[in-house]
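Below is one structure, written out as structure tokens; comments come after it.
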Amino acid sequence: MAAKSASVYSESTGTAALSVYPPSVSLSSSVLSSVLPLPPDPVIACSVFIPETSTPIPLDFVELARRDIHRRKKTTVLDSVLSSVLVDKDTQSLYVFSIGSDYGAHIALATLHFDGLTCESFY
């Protein structure tokens, strides 16, 4: 039997072209330019939350905490608590960041508590 030729869809043509020839980005590209007004003496605080050892499905608790942070999001980056999730072969971690002046950033993170997670480190 002869093999059927693959159909080409217009939606996939653009994707295929971008994967072969990705758009070029240089230091003068507008994609890289942004202005973020910082407070005096800016500080970036970070907390790392990991599942408690007794947690049956650790990734569920990490996801619920991430969603909780997302719901709290304010209109500006400086008023928000930002999150990033790390899922590795042996670990699941929730990194939480706050930008502020002096210890204001640390206070925003010190009050965070999530079910099924414990604060492993605080920077």
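Miscellaneous remarks
The rows are residues; the columns are (1) among the small types (Gly, Ala, Ser); (2) modelled with pLDDT of 90 or more.
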residue	(1), (2)
Ile50	no, yes
His70	no, no
Ser80	yes, no
Leu86	no, yes
Val96	no, yes
Asp102	no, no
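- Filtered residues of the range 57-68 (kept if at pLDDT 80 or above and of a type in the set (A, V, I, L, M, F, W, C)): Leu59, Phe61, Val62, Leu64, Ala65
- Filtered residue count, the range 97-122, keeping only those that are within 17 Å of the chain's Cα centre (by Cα) and exposed (fewer than 12 other Cβ atoms within 10 Å of the Cβ): 0
- For the range 50-96, a tally of residues being under 24 Å from Pro40 (Cα atoms), surrounded by fewer than 19 Cβ atoms within 10 Å (Cβ to Cβ) and of a type outside the set (D, E, K, R) returns 6.
- Taken as a whole, the structure leaves Lys73 outside the set of residues that are assigned to a loop (DSSP other than H, G, I, E, B) and more than 28 Å from Leu36 (Cα to Cα).
- Qualifying positions in the range 9-48 - surrounded by 10 or more Cβ atoms within 10 Å (Cβ to Cβ), at pLDDT below 75 and of a type in the set (A, V, I, L, M, F, W, C): Ala16, Ala17, Leu18, Val25
The values are calculated or read from the model by the stated rules, or taken from the named source; none is laboratory data. As the structure is a computational prediction, the values presented were derived from the model and not from experiment. We place every Cβ from the backbone using ideal geometry, glycine too, and count neighbours over all the protein chains shown.
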